[in-house]
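The numbers here are math on the coordinates, done by the rules we state, and not lab data. In this text, all values refer to a predicted model and were calculated from it rather than measured experimentally. A quick note on method: Cβ atoms are made from the backbone with ideal geometry, for glycine too, and the neighbour counts reach across all protein chains shown.
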Amino acid sequence: MGGDFHRVPLLEEETEIGEVAFVADVMLGRLTRWLRILGYDILYFHRAPDDFLIYVTLESGRILMTRDRRLAAEPILAPNKSFLVESTRLPQQLKEVLSRFPVRGRPRCADCNGLLVEVDRERVKDLVPDYVYLTSPHFWRCPSCGKVLWEGTHKRNMLHFLGFNPWRYGEGSSE
Ligand SMILES: [Zn+2]
């Protein structure tokens with residue numbers, strides 16, 4: 001059993017009002033990371049039996065996001081409390097979620113779901129490589145795991161990989 005089980009934030013204090021929050025099944029690890037960066041609040045457990053996912057979903061009032069058709073149709077969950085991700089391809093999966101839940105919050109940590117906080121460049125000078133410090137105008141820090149993030153080439157690589165801009169998806173003129 002992973003340590004995840006012992007630190008389940010059943011009620012996330014940091015979920016912003018009006019924000020939709022999710023629990024993702026184990027098959028959606030990659031999608032979870034991308035969606036967190038886009039500002040989605042998602043609990044993810046590396047190992048979690050269906051019963052546990054259902055329990056967390058019910059207790060937290062979140063929506064269960066799953067690739068498992070049977071789990072999505074679980075009768076104990078209200079119809080609007082589960083969301084079936086149909087595609088196996090990441091870009092298409094992202095589009096499915098962005099189309100159905102266009103509401104986005106502040107960016108979150110891909111690793112731990114913490115709400116990222118923008119920090120002054122000077123404060124991270126000793127924490128990042130010199131070239132990053134010199135070339136990146138904005139830095140964020142995850143208050144939960146301490147990770148420092150910056151906007152760099154990885155964003156360009158992301159856009160190239162996806163073939164669309166997830167930050168602008170659904171705005172009409174974006175694709
Ligand atoms: Zn984090």
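Things worth noting here:
- With at most 10 neighbouring Cβ atoms within 10 Å, loop trypsin sites (Lys or Arg not before Pro) (DSSP) excluded, longest segment of the chain: 90-175
- Fraction of antiparallel bridges per DSSP, the chain only, in percent to nearest 5: 40 percent
- The sum of -39500 (n - 2.57) across all DSSP H runs of n ≥ 4, divided by the residue count of the chain, sets its helix-only mean residue ellipticity at 222 nm to -8500 deg cm²/dmol.
- Cut-off under 5 Å, modelled amide H: who pairs with I63 long-range: A21, F22, V23
- With the simple spin-label model, which puts each label point 7 Å out from Cα in the Cβ direction, the C112 to I76 separation comes to 3.0 nm.
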